[in-house]
Every structure is written in C-alpha cells, then in structure tokens.
Amino acid sequence: MRAVLAVHDYYTSANPSGEALSFESEVALLRARGHEVVTYVRHNDEIDGYGWPARAALPLRTIWNPAARREVAALLRAHRPAVAHFQNTFPLVSPSAYAACRAAGVPVVQAMRNYRWICPVATFYRSGKVCEDCLGKAVPWPGVVHACYRASRTKSAAVAAMIVAHRLLRTWSRQVDLFVAPSEFTRSKLIEGGFPADRIVVKPNFLLEDPGVRERAGEGAVYVGRLSEEKGLRALLRAWARVRNVSLRIVGDGPMLDEMRALAAGRPGVEVLGRRTPAEVAALLKAAAFVVFPSEWYETFGRVTMEAFACGVPVIASRLGAMAEAVEDGRTGLLFAPGDDADLAARVEWARDHPEEMAEMGRGARAAYEARYTADRNYAALIGIYDRAAAAYGG
C-alpha cells in the first residue's frame, strides 16, 4: 500500500485525550510496518490566539473550513496516498477535508471515537445521567435547548448546525467510504443515529507496546482516567465509604481534580495521585488487585480496560456501554449497576474476599488482551479496513 494520510484535530495540548493517543498509536504502528504516513493535524489551542473576526467565523468554519480543505488538497497532490484516515475533525478541520479527498480520488476512512455527529456534546450525557434526547432526531434541538455544549446555547447551536448541514449534504453517504467504531455498542448507537450499517466496521483500540503481565497479584484498587463528572467518581467515593480494608488510588487529571482531593481528604486508604506518566500508570496497574471503572456515560471503548487486561489485571466496571462489552462478568472482571455505590461496594468486597477467583479473572483478562488488543492483530485489521474502503470507493 502507498502512503496513508492521517488527519486529526487535537482538543488541547494540556490534557491529551484517548482519541489523540489512538491516533498517535495508529500512525506509529503504520510507520513501524514500513508505510509512509503523512499527517495533517490541527490543535484547538490555536483558537486561544484568534482575534474577534476569526472567533466570529469559527461556527461557520466548523461546518466547512475552506482553508483546511486547501491544505489537505495540497498534501494529497504532493503524496498521492492510497487512503485518508480521519480521527477527530472538530472544530478546525471540518468535513470539508473529505471533499478534498473525493476530488483527488482518495478513499476516506473515518474513526468514530465519540458521538459528535449524533449528539451535540458527543457523550450522550446530561445533568448527571445518560441522555438520548437527540438520538434519531433530524435536528438535535434538545441539545441546543439544554445548552449541552460548553453550557452555551449559542455554541450548542453551532454544533447542531454542523450536524444538520452535513445530514442535508449527505456527507456521510457521499464522501466517507467506511466508518470505524471501537466497539459494537458504539456501532449500534451510530446505526440508531442514521449512519449506514453496511459502512460501519468495528476495530478496537490497541497497545503499541505490550507492558507485560504482572508476576503476582497486587493489592487494593486503582482508578485511571479523566477526572470529570461523567466518569462516576462521586459514586466511586460513596462506594468507598462503605468498603473496608481495600485501598484506592485515583490517577488522572481533569476538572474534578480539586474536588476529588477534597472528598478524599480524611478517608483512610484513598489517595488522589493526579496525572502520571504511562510507565507510572503501568506500574500502578500491576500493583493493584483490580481496576475500578465506574463511568456513567456511554464509553465508546474504555482504554484503561485494555491497559489493565494487558497487565493481567481484572476490571470492575459499570454495566453500561462498551464497558459491559469489554468486561466479561466473572471471566475478566465484574460488572455493577452504573451509579449504584452499594452495588459497586458489594463487588469490591467480593473481590477482596475471593483472591483466587480474581487471580483467575486476571488470567482471563490477559487472554482477552492477546485475542483482541495487540499491535499485530490491530495492524491486520487496519489494513483490511483500508482495502475494504478502497474497494467501496472503486465500487
């Protein structure tokens, strides 16, 4: 295969997202296998330097950015890639870049790592619970009424306008050859939202480097992830008020960091560590008896589950979204009712009292990693996707 054009719009440099990690991993994987990978990236930090005219034009450029289209077209002419693989396009790249690919005769693959095209806030989460009010609606007006995007009706209206405009333009059917969902659950929601089922394939995330399985079972629990409301952190600490003799380490950064530190203060065995390096995270995972993943929104994948499985560590997760798909109850971990701190506490205490069963689940977790999430398996799947996109374009 000739060159691959990889496109991504980074959210912020201060807090790298799972989408950014997945983008960088795929680029590195392809390059390690001998492919030329040409990247077109934008950073939303650029917006901080905009004057008022550029800020005023941003809602329109979110729908269609002619400058991004020209820049992508220039890369296509210079490198003539076999396929263009898009990750995030919001808000600086915009779907205008698809048109450049179409004009150049280059097949388009779009990764679907969030729900932006069917939910203005991209998470199906509002007011502390799952919300599907916009799902299936031609115009996602509830998201505007409730000011879902950045607590602003104006900004929410801009996102809704982008969604509606590209539905009317039939962008998804005319300019994208294949969509890639990271889980079957995500695929099902996209289909409910009107995306063509025959163009959505499932390819999970992967780890570029295998951290290796731990030598022995660890102690206590660890949470790794963004510290934000939808992650179920308040329910996590309510559960730990019920739990005895199980330590908890909370790793990550986000808008709830200070709140989590305040809530954890004075609670024996609960420690908020903040952000840690990937190497430190791997060490913390291996040192824990299990990972706890209490998210209360429709996770599209759940990267920490894959990382824990690679280390041979079972996961206690919410029975919701892709988490319930990845964690097999009783085989690779345990599931509990989302937001139910009593149910979570009961699962944690069961895990504490059944170390042999949890050790067996850790072995099952490692087997799941080897079956689904290795670099070799992902590379084969990725090339298959590119070949299928090329065939769809040619058809």
Margin query: Whether any residue in segment 105-123 is at pLDDT 95 or above and among the aromatic types (Phe, Trp, Tyr) is what I want to check.
Written below: yes
Notebook entry, point to check: What is the residue count in segment 350-395 for residues that are crowded, with 18+ Cβ neighbours inside 10 Å and without any contact (Cβ under 8 Å) to a residue 12 or more places away in the chain?
Noted result: 0
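Which one of Arg275, Arg249, Arg261 is touching a strand residue (DSSP E or B) at 6+ places or on another chain (Cβ under 9 Å), in contact (Cβ under 8 Å) with a residue 12 or more places away in the chain and surrounded by fewer than 18 Cβ atoms within 10 Å (Cβ to Cβ)?
Exactly one of Arg275, Arg249, Arg261 is touching a strand residue (DSSP E or B) at 6+ places or on another chain (Cβ under 9 Å), in contact (Cβ under 8 Å) with a residue 12 or more places away in the chain and surrounded by fewer than 18 Cβ atoms within 10 Å (Cβ to Cβ), namely Arg275.
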Margin query: Which pairs turn up if I take residues in segment 211-224 that are of a type in the set (Val, Ile, Thr) and look for partners that are open to solvent by less than 30 Å² (accessible area, probe 1.4 Å) and in a loop (DSSP other than H, G, I, E, B) with beta carbon separation below 7 Å, at least 6 apart in sequence or on another chain?
Written below: Val213/Cys311; Val213/Gly312; Val222/Ala288; Val224/Gly252
Next item on the list: Please list, ordered by first then second residue, the pairs with beta carbon atoms under 7 Å, 6 or more apart or interchain, first in segment 108-129 and closer than 16 Å to Phe301 by Cα and in contact (Cβ under 8 Å) with a residue 40 or more places away in the chain, second in a loop (DSSP other than H, G, I, E, B) and of a type in the set (Asp, Glu).
Entry: Phe124/Glu132
Next item on the list: Please find, among Ala67, Ala73, Ala82, the residue that is surrounded by fewer than 19 Cβ atoms within 10 Å (Cβ to Cβ), without any contact (Cβ under 8 Å) to a residue 12 or more places away in the chain and of a type in the set (A, V, I, L, M).
Entry: Ala67
Check: In this structure, is Ala32 within 25 Å of the chain's Cα centre (by Cα), open to solvent by 50 Å² or more (accessible area, probe 1.4 Å), of a type in the set (Gly, Ala, Ser) and farther than 17 Å from Asn114 by Cβ?
Finding: yes
Note to self: Suppose we filter Glu296, Glu307 for residues that are on the phi < 0 side of the Ramachandran plot, part of a loop (DSSP other than H, G, I, E, B) and open to solvent by 30 Å² or more (accessible area, probe 1.4 Å); which single one remains?
What the structure shows: Glu296
Check: Which condition number in (1) of a type in the set (Ser, Thr, Tyr); (2) touching a residue at least 40 places away in the same chain (Cβ under 8 Å); (3) within 19 Å of Thr332 (Cβ to Cβ) is the one that Thr305 fails?
Finding: (2)
Next item on the list: Of all residues in segment 128-137, count the ones that are assigned to a loop (DSSP other than H, G, I, E, B) and farther than 19 Å from Ile191 by Cα.
Entry: 1
Checklist line | Residues of segment 191-211 that turn out to be in contact with a Leu (Cβ under 9 Å, 6 or more places away or on another chain) and either open to solvent by less than 30 Å² (accessible area, probe 1.4 Å) or in a strand (DSSP E or B) (or both), as a count | finding: 6
Check: Taking segment 250-283 on its own, how many of its residues are farther than 16 Å from Arg226 by Cβ and either modelled with pLDDT of 95 or more or among the small types (Gly, Ala, Ser) (or both)?
Finding: 11
Note to self: Residues that are touching a residue at least 40 places away in the same chain (Cβ under 8 Å) and open to solvent by 20 Å² or more (accessible area, probe 1.4 Å): does segment 143-152 have at least one?
What the structure shows: no
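Kindly check whether there is at least one residue in segment 212-226 that is among the hydroxyl-bearing types (Ser, Thr, Tyr), buried (at least 20 other Cβ atoms within 10 Å of the Cβ) and touching a Gly at 6+ places or on another chain (Cβ under 8 Å).
Yes - at least one qualifying residue is present in segment 212-226.
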Check: Got at least one residue in segment 155-176 being touching a residue at least 60 places away in the same chain (Cβ under 8 Å), in contact with a helix residue (DSSP H, G or I) (Cβ under 7 Å, 6 or more places away or on another chain), outside any helix (DSSP H, G or I) and not β-branched (Val, Ile, Thr)?
Finding: yes
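Every residue, every condition in (1) assigned to a helix (DSSP H, G or I); (2) open to solvent by 30 Å² or more (accessible area, probe 1.4 Å); (3) of a type outside the set (Asp, Glu); (4) under 29 Å from Ser25 (Cβ atoms), yes or no:
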| site | (1), (2), (3), (4) |
| --- | --- |
| Val93 | no, no, yes, yes |
| Ala97 | yes, no, yes, yes |
| Gln110 | no, no, yes, yes |
| Arg116 | no, no, yes, yes |
| Cys119 | no, no, yes, yes |
| Val139 | no, yes, yes, no |
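The values are calculated or read from the model by the stated rules, or taken from the named source; none is laboratory data. Because the structure is a prediction, the values reported are computed rather than measured. Here Cβ is always computed from backbone atoms with ideal geometry, including for glycine, and neighbour counts include all displayed protein chains. For the accessible areas, the whole protein counts, side chains as well, though only heavy atoms, and no ligand, DNA or RNA atoms are used. Shrake-Rupley method; radii C 1.70, N 1.55, O 1.52, S 1.80 Å.
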